[in-house]
1. Would you confirm, using the coordinates I've provided, whether A190 is within 24 Å of A52 (Cα to Cα) and aliphatic (A, V, I, L, M)?
2. Inspect region 114-127 for any residue being assigned to a loop (DSSP other than H, G, I, E, B) and either aromatic (F, W, Y) or touching a Phe, Trp or Tyr at 6+ places or on another chain (Cβ under 8 Å) (or both) and give the result as yes or no.
3. When the residues of region 140-199 are narrowed to those that are under 18 Å from M229 (Cα atoms) and of a type in the set (A, V, I, L, M, F, W, C), which ends up farthest from the chain's Cα centre (by Cα)?
4. Inspect region 16-23 for any residue being buried (at least 22 other Cβ atoms within 10 Å of the Cβ) and not charged (D, E, K, R) and give the result as yes or no.
5. Within the group L163, L174, L154, which residue is in a strand (DSSP E or B), of a type outside the set (V, I, T) and touching a Gly at 6+ places or on another chain (Cβ under 9 Å)?
6. For L112, all conditions in the list (1) more than 30 Å from D44 (Cβ to Cβ); (2) touching a residue at least 60 places away in the same chain (Cβ under 8 Å) hold save one; what is the number of the exception?
7. If you go through region 122-144, how many residues are surrounded by fewer than 16 Cβ atoms within 10 Å (Cβ to Cβ) and polar (S, T, N, Q)?
8. So D160 passes all but one of these: (1) assigned by TED's automatic domain parsing to the domain that holds R67; (2) among the charged types (D, E, K, R); (3) surrounded by 15 or more Cβ atoms within 10 Å (Cβ to Cβ). Which condition number does it fail?
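The values are calculated or read from the model by the stated rules, or taken from the named source; none is laboratory data. Computed from a predicted structure; not experimentally measured. For neighbour counting, all protein chains shown are included, and Cβ atoms are generated from backbone atoms with ideal geometry for every residue, glycine included.
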Amino acid sequence: MSPSIDLSSYVRRIAYASPLAPDLVTLCGLAAAHTAAIPFENLDPLLGVPVALTPESVERKLVQAHRGGYCFEQNLLFAEVLRGIGFEVSGLLARVLWNRPEDAITPHTHMLLRVELDGESWLVDVGFSSQVPTTALRLRPGVEQPTGHEPFRLMMVDGDWRLQSLVAGQWRSLYRFDLRRAWPEDYVQANYYVSTWPQSSFVHDLMVSRTDAERRLSLRNRDFTVRRMGREPERQHLKTAADIRHVLEREFLLRLPEHPRLDAVLDRLPD
């Protein structure tokens, strides 16, 4: 079966120069390169533009148009790339816990991937905003796993898996999930909810992030933050739409959409 994604265009987009093979080196290398090149961003929901979830649409947007996207777009694209290389991939759904109480019950609004490789299961997620894991993680409970950034671990809590990262000396949960396979229809429903529900933060707040080998970059409305391991965060408050545009293009490597309301939407972002 031929891949549904043009792999040569994708590897150029993420500047990945190593050979492609269905092995752990490729899996981890692609995850790091993807998160460094293709930012998490929610400009389309913020502008009221529908978010389509087909391989063709996410390739056109994230690869050809040099845009970013959020979890459904990012992980849908990554799953198609991995399948095209020869990996065995299935999708999962998670309940987000980041910046929420540990016992919070949240809806299934996050997509992640499970990859089977050499008789072992791996968790891969290139779409979790500013705390994205930049490598593949073994699906084993209770094992601290190093990455190029914070250590991560997976725990079993009340029958669910829970992904956690060690931030400022404290283990914090990103999300909880089980291993039931999710299907495209599940993602279409969840995507519609997060991108159109009037109370969804995706339709009110600008959220952009990118993680390279040295830094985690994040933008929440007008607040731009650069985090480096072992150093205090560097923060900047952006005053104008022009300032925000500059950071989106220079720091997040985005080719901004030519939308007539973009500057007006950026100007109205809350302080």
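1. Numbers: within 24 Å of A52 (Cα to Cα): yes; aliphatic (A, V, I, L, M): yes.
Here the answer is yes, as A190 does meet what is asked.
2. There is at least one residue in region 114-127 that is assigned to a loop (DSSP other than H, G, I, E, B) and either aromatic (F, W, Y) or touching a Phe, Trp or Tyr at 6+ places or on another chain (Cβ under 8 Å) (or both).
3. So the residue we want is A168.
4. no
5. Result of the check over L163, L174, L154: L154.
6. L112 satisfies every listed condition except (1).
7. Matching residues across region 122-144 total 0.
8. (3)
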